[in-house]
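Peer 1: The following block contains the structure, expressed as structure tokens.
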Amino acid sequence: MHQPICENLNKIKHEIGRQETLAGRQAGSVTLLAVSKTKPASVIAEAHACGQQAFGENYAQELAEKSQELSQLPIQWHFIGPLQSNKTRLVAEHAHWVHSIERLKIARRLSEQRPEELPPLQVCIQVNVDEEASKAGVTLDEVRPLAQEISQLPRLQLRGLMCIPTNTGDQAHLHQSFGKLRQALEELTADGFEVDTLSMGMSHDFPVAIAEGATMVRVGTAIFGARG
Ligand SMILES: *Cc1c(COP(=O)(O)O)cnc(C)c1O
């Protein structure tokens, strides 16, 4: 089915603005990341033509291919998926941001492999806020030590935290989960880390995430339709 991408983007931007106001937050304080995994480059170009600049990808090879195919467009590429050691170079060379850092070993490789001519890679630590066995991410206790290590790496810049809470319609539970990530960021700030990013909220829960302080929401399905 054809997806009216511009229309979807406008609806979501409107909803983001509404939630910013409801939460008493400044207009424009939430960035929309369009999650384009599995969607062809032509669809990304279409969204870019509607004014969308930041795109999220989950697979290193796919990110590398699309960023090369669309290299003429000023797109900001965010890697948001699980990352294996043998794929770090692709991400270090093609991404502007990585949201899914959960191991020092991966962070070190990204720093070592980040090309000289590019600015430092902007990174977030992924936190498993609901401590689900099936989910990636560090525990809340592990955030500070990993942040400490990452802040020593010359070619990475630690920007904040990311989470994917339990997929539930239970609004109270979602508030609680997103609230944990916000609190963890506040603790980092109190400890002197210069962090400003809370990457949280997807198609089904971004309004709650904004209420809890999200600065970046990662939305795929609500923009591009269901993935095949
Ligand atoms: C796929 C994905 C999203 C987008 O999810 P939708 O439900 O399609 O909005 C956001 N974040 C991560 C980490 C994802 O893998």
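Peer 1: Quick one: net charge of Gly225's neighbours, Cβ under 15 Å, K/R +1, D/E -1?
Peer 2: Values: positive: Lys11, Lys37, Lys39, Arg227; negative: Glu7, Glu46.
Result for the local shell: +2.
Peer 1: Follow-up question, since we're still on this one. Could you work out the helix-only [θ] at 222 nm for the chain, with each DSSP H run of four or more residues adding -39,500 (n - 2.57) and the total divided by the number of residues, to the nearest 500 deg cm²/dmol?
Peer 2: About -12000 deg cm²/dmol.
Peer 1: Take Glu142 and Arg227, extend 7 Å from each Cα along the Cα→Cβ direction, and tell me the distance between the two endpoints in nm.
Peer 2: 2.2 nm
Peer 1: Among the aspartates and glutamates, which have Cα under 19 Å from the Cα of Lys105 when same-chain residues fewer than 8 positions away are ignored?
Peer 2: Leaving aside aspartates and glutamates fewer than 8 places away in the same chain, those within reach of Lys105 are Glu93, Asp141, Glu142, Glu149.
Peer 1: Which number comes out as Rg/Rh for the chain once both Rg and the Kirkwood Rh are worked out on C-alpha atoms? Numbers along the way, then the final one.
Peer 2: On the way: Rg = 16.8 Å, Rh = 17.8 Å.
Reported Rg/Rh, Kirkwood definition of Rh: 0.94.
Peer 1: Still on this structure, please answer the following. Under a GNM of the chain (C-alpha, springs under 10 Å), which listed residue has the highest mean-square fluctuation: Leu146, Leu118, Leu158?
Peer 2: Leu118
Peer 1: Mind checking which of Pro40, Pro207, Pro120 has the largest fluctuation in a GNM of the chain, springs on alpha carbons under 10 Å?
Peer 2: Among Pro40, Pro207, Pro120, the largest mean-square fluctuation in the Gaussian network model of the chain belongs to Pro40.
Peer 1: If each of Gln61 and Asp170 carries a label point 7 Å out from its Cα toward its Cβ, how far apart are those two points in nm?
Peer 2: Placing both labels 7 Å beyond Cα along the Cβ direction yields 3.9 nm.
Peer 1: Taking R0 as 41 Å, what's the FRET efficiency between Ser151 and Gln53 from their Cβ-Cβ distance, rounded to 0.05? Spell out each step's value before the answer.
Peer 2: Details: r = 27 Å, r/R0 = 0.67.
Plugging the Cβ-Cβ distance into 1/(1 + (r/R0)^6) gives 0.90.
Peer 1: Something else about it: Considering only protein heavy atoms, what per residue accessible area in square angstrom results for the chain with a 1.4 angstrom probe? If you can, show how the numbers build up before the last one.
Peer 2: On the way: 10750 Å² over 228 residues.
Heavy-atom SASA per residue in the chain reads 47 Å².
Peer 1: A further question follows. Under 8 Å for C-alpha pairs, at least 6 residues apart: give me the relative contact order for the chain, rounded to a whole percent.
Peer 2: Relative contact order of the chain: 20 percent.
Peer 1: Let me ask another. Under 5 Å between amide hydrogens, which residues at least 5 positions from Val98 or on another chain qualify, with H placed 1.01 Å from N in the peptide plane?
Peer 2: Amide H to amide H, under 5 Å and 5 or more residues apart or across chains, Val98 pairs with Phe79, Gln122, Val123, Cys124.
Peer 1: Of Ala190, Ala92, Ala107, which is the most mobile in a GNM of the chain whose springs link Cα atoms less than 10 angstrom apart?
Peer 2: Maximum fluctuation in the GNM of the chain, among the listed residues, is at Ala190.
The values are calculated or read from the model by the stated rules, or taken from the named source; none is laboratory data. As the structure is a computational prediction, the values presented were derived from the model and not from experiment. Note: ideal-geometry Cβ built from the backbone for every residue, glycine included; neighbour counts use all protein chains shown. Surface areas here come from the heavy atoms of the whole protein model, side chains and all, with no ligands, DNA or RNA. Shrake-Rupley method; radii C 1.70, N 1.55, O 1.52, S 1.80 Å.
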